[in-house]
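The values are calculated or read from the model by the stated rules, or taken from the named source; none is laboratory data. The structure presented is a predicted model; accordingly, all values stated were derived computationally and were not measured. Every residue, glycine among them, receives a Cβ derived from its backbone with ideal geometry; neighbour counts consider all protein chains shown.
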Amino acid sequence: MGAVPTQVTIIGHNGQVVATAGFFVGADVPVQVFTASAEVELLLGPYPGVQVTRVDAGYASRPQTLPPPPYFVAVDTAEETERITTWLPPTTARFLVRAPTKRHAAAPKGLLTLRPHQSDDRRRVLRRLATLHRADLLMDLARRAQHPPIILMYADPDPDAIGAALGLMTMWRAAGTEPVIRYTGEVRRYQNKLLLAWLKRAPIARLVEGELARADLVAVVDAQPGFWRDNPPQAQVVIDHHPRREDLDAEFVDLRENYGATSTILSEYLAEAELRIDRQLATALLYGIVTDTDDLKRKTHQADIRAFELLHGTADGHFLARLQKSQVPMGMLDDIAWGISHRVVYRDLVLVNYGQVDDLDTLVQAADLLLLTCGITCVVVAGMHADRLVVIFRGDGHRQDVGAKAMAAFGKMGSAGGHRTMGRAEIPLNGMDESATAELIVDNLFRRMSPGRRGHLIRRLRRHLQAPGPAEPEEFEFGT
Ligand SMILES: [Mn+2]
């Protein structure tokens, strides 16, 4: 099957016949026209690629031979439309083409519309003009700057902040300046370090004392100046998607609380102004969008999806996969292994009680991993940290709500909740010792279980707590 039709058939005489014929001739698709209008015949007859056949006035009788689909019906009255429709063989490829200014309230049953209505198109153009107006304002600020502008990210910058900062840097470079990107905290997450190492050519560094004072143009992205509790920066530009702070005040503010990511806002500027989005920039923007929206699963706006579509062809998919998979620090593997070998399975639930843990992320990673087990729909992983019992719930969300389960089990003792697939409870222990946590977990999680079975389960968990802890890793790395 070819990618384009080998010919199309237009039937009618309304004002769209010539435009529709031209549309297909422009793509080298031969056009057959059946029309009751001498004028249309005269107009289209001389065109190469167009073959015109005159039919009876009012389209009363079907031509002897009709080419195969698709068909484009180009008449204005319901009567004529209906009559022509009766000519056509059963096919899904029948369209009604009408003047684009007419409201296409009800296209007759069984007929498709060829192109979006003009009002949709107009909405898109107006949105583009609004975006370009903002892009102009932003770039003018850079053109007037005497010193290299500073693009500021808050604290330990997340991927969305990094993507947005690179996006703004690209715009400001197009305006003839050399901006620098700065953050005020410490980069902690492994994935963010990996991203920054990959972006090593970009001027991203920790803010140095005195730098802000020298700059005459400062932008804050994916945050607002009020986020800094002491010495909030004086920023002329704020681009963000967090809820608006009352103290927000800057010359240029683009705040879209309904957007999933600030990277989406910058993607729109770049796309509408047709500024080049190279592979690195596309990757950073896309990573910002997918981390902030949890792969477009939460707090996602149509604009985030449009930006995703725009970027994903250019972005480095393999590097994104590496970033997304880099979840477990090497040193955590043995802790996870301990959890796997000290699991208790009850029906479709896996339970692990770690006792004292140094890093609460161990509980999260072990729970995520155990949920991959066939036949398991719910995982509960508990551990003690800083005189609190933390219980992580993971579920597939299919027939149960683990957030509600966390709430029902532990809501009365501490903070507990979540949503269908993720839940968490934190219970103050007030000096309770490790072995007592086994009872606390089992009695609250399995209230309807018989006391005998509960006792059995508690003894099992206590035995686990007395078992040797995670093995000391014996790392052997080549080349280091
Ligand atoms: Mn964000």
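Points worth noting:
- GLY339 being within 13 Å of the ligand (Cβ to nearest atom) and crowded, with 21+ Cβ neighbours inside 10 Å: no
- Qualifying residue in the range 263-270 (condition: at pLDDT 95 or above, aromatic (Phe, Trp, Tyr) and touching a Phe, Trp or Tyr at 6+ places or on another chain (Cβ under 8 Å)): no
- When ARG143 is tested against (1) in the same structural domain as ASP254 (by TED's automatic domain parsing); (2) within 27 Å of GLN7 (Cβ to Cβ), exactly one condition is not met: (2).
- Test: residue in the range 311-318 that is within 30 Å of VAL390 (Cβ to Cβ), free of Cβ contacts under 8 Å to residues at least 60 places away in the same chain and in a helix (DSSP H, G or I): no
- Among the residues of the range 227-259, the ones that are over 25 Å from ASP140 (Cβ atoms), within 16 Å of the ligand (Cβ to nearest atom) and not polar (S, T, N, Q) come to 5 in all.
- A single member of VAL29, VAL18, VAL4 is part of a helix (DSSP H, G or I) and of a type outside the set (D, E, K, R), and it is VAL18.
- Selected residue (only one of ALA197, ALA205, ALA223 is within 16 Å of the ligand (Cβ to nearest atom), closer than 30 Å to PRO329 by Cβ and assigned by TED's automatic domain parsing to the domain that holds ASP278): ALA223
- Residue match in the range 61-72 (condition: part of a strand (DSSP E or B) and closer than 24 Å to ALA99 by Cβ): yes
- Looking only at residues of the range 24-68 that are under 25 Å from PRO116 (Cβ atoms) and surrounded by fewer than 18 Cβ atoms within 10 Å (Cβ to Cβ), we find that the one that is nearest to the chain's Cα centre (by Cα) is ALA27.
- Residue among LEU461, LEU389 that is under 21 Å from GLY339 (Cβ atoms) and part of a helix (DSSP H, G or I): LEU461
- Whichever residue in the range 161-177 is in contact with a Pro (Cβ under 7 Å, 6 or more places away or on another chain) and hydrophobic (A, V, I, L, M, F, W, C) and, among such residues, is farthest from the ligand (Cβ to nearest atom): TRP172
- Single match in ASP158, ASP140, ASP120 (criterion: of a type in the set (Asp, Glu) and within 16 Å of the ligand (Cβ to nearest atom)): ASP158
- Across the range 258-306, the number of residues qualifying as more than 22 Å from LEU194 (Cα to Cα), in a helix (DSSP H, G or I) and under 8 Å from the mean Cα position of the chain (by Cα) comes to 2.
- Qualifying residue in the range 341-350 (condition: free of Cβ contacts under 8 Å to residues at least 60 places away in the same chain and in a helix (DSSP H, G or I)): yes
- Restricted to the range 144-155, and to residues there that are in a loop (DSSP other than H, G, I, E, B) and away from the ligand (no atom under 12 Å from the Cβ), the residue that is surrounded by the fewest Cβ atoms within 10 Å (Cβ to Cβ) is GLN146.
- Of MET422, MET407, all but one fail to be over 17 Å from GLY355 (Cα atoms), modelled with pLDDT under 95 and surrounded by 14 or more Cβ atoms within 10 Å (Cβ to Cβ); the exception is MET422.
- Within the range 284-319, if we keep just the residues that are of a type in the set (Ser, Thr, Tyr) and within 15 Å of the ligand (Cβ to nearest atom), the residue that is surrounded by the fewest Cβ atoms within 10 Å (Cβ to Cβ) turns out to be THR300.
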